[in-house]
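The values are calculated or read from the model by the stated rules, or taken from the named source; none is laboratory data. For clarity, every value in this text was computed on a predicted model and none was experimentally measured. No Cβ is skipped: glycine too gets one built from the backbone with ideal geometry, and neighbour counts run over all protein chains shown. SASA here: full protein model, heavy atoms, side chains in, ligands and nucleic acids out. Shrake-Rupley method; radii C 1.70, N 1.55, O 1.52, S 1.80 Å.
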Amino acid sequence: MTKLIGISGSLRKASFNKSLLNAAIPLAPEGVTFTTGTIEGIPLYNADVEREGVPAAVQLLKDQIAAADGVILFTPEYNNSIPGVFKNAIDWVSSSMTGAPNVFAGRAFALAGTSPSAFGTLLSQNAWLPVLRTLGTDLWSGKRLMLPKAGSLFDKDGNLVDEDAKARLKAFVEGFAAYVARKTA
């Protein structure tokens with residue numbers, strides 16, 4: 001059984017990227033479990049706080065990533081780059097101050113995202129590349145999913161209603177799952 005986890009980089013309740021992650025879960029092929037992680041409750045990184053103990057929300061996300069064979073980051077794009085709250089969560093999880101193992105090294109990662117702009121999340125995803133390389137991830141370069149004009153892809157309840165976007169999302173999830181399955185076989 002291949003285990004995937006998806007993490008949305010937005011805290012907003014009606015986030016397009018949370019909706020995209022939710023739409024991706026049922027598209028996982030047979031033999032794949034696909035769960036969600038969250039950045040909710042992760043404080044701003046502070047080494048003084050970490051010395052006192054890793055916050056529970058950070059430890060939970062770290063444990064979820066460690067238990068997964070592959071991770072998809074569903075990244076919004078803020079000001080042409082990575083959302084600060086998302087980068088902060090990854091900074092927390094990647095910290096080795098407490099001697100915790102590196103949950104990123106060699107683990108398969110993929111990037112996906114949607115945005116109201118005409119370019120999807122191209123610049124945010126590009127900004128993630130050096131971060132993920134630095135962390136030693138095995139970045140799946142088969143595809144990146146960037147869906148533009150998010151406002152037209154989802155209904156008022158956050159359901160992905162655009163058939164072309166659904167087909168692209170399905171192909172993306174299936175492709176990443178196959179890559180992860182080959183890697184862990």
Exercise. Which residue pairs have Cβ atoms closer than 9 Å, lie 6 or more positions apart in sequence or on different chains, and pair a first residue in region 91-112 that is over 17 Å from Pro55 (Cα atoms) and of a type in the set (Phe, Trp, Tyr) with a second residue that is part of a loop (DSSP other than H, G, I, E, B) and at pLDDT 90 or above?
Worked result: Phe104/Leu135; Phe104/Gly136; Phe104/Thr137; Phe109/Leu135; Phe109/Thr137; Phe109/Trp140
Exercise. Just for region 47-76: of the residues that are within 19 Å of the chain's Cα centre (by Cα) and of a type in the set (Val, Ile, Thr), which one is surrounded by the fewest Cβ atoms within 10 Å (Cβ to Cβ)?
Worked result: Ile65
Exercise. What are the residues in region 4-46 that are open to solvent by 30 Å² or more (accessible area, probe 1.4 Å) and part of a helix (DSSP H, G or I), if any?
Worked result: Phe16, Lys18, Asn22, Ile25, Pro26, Leu27
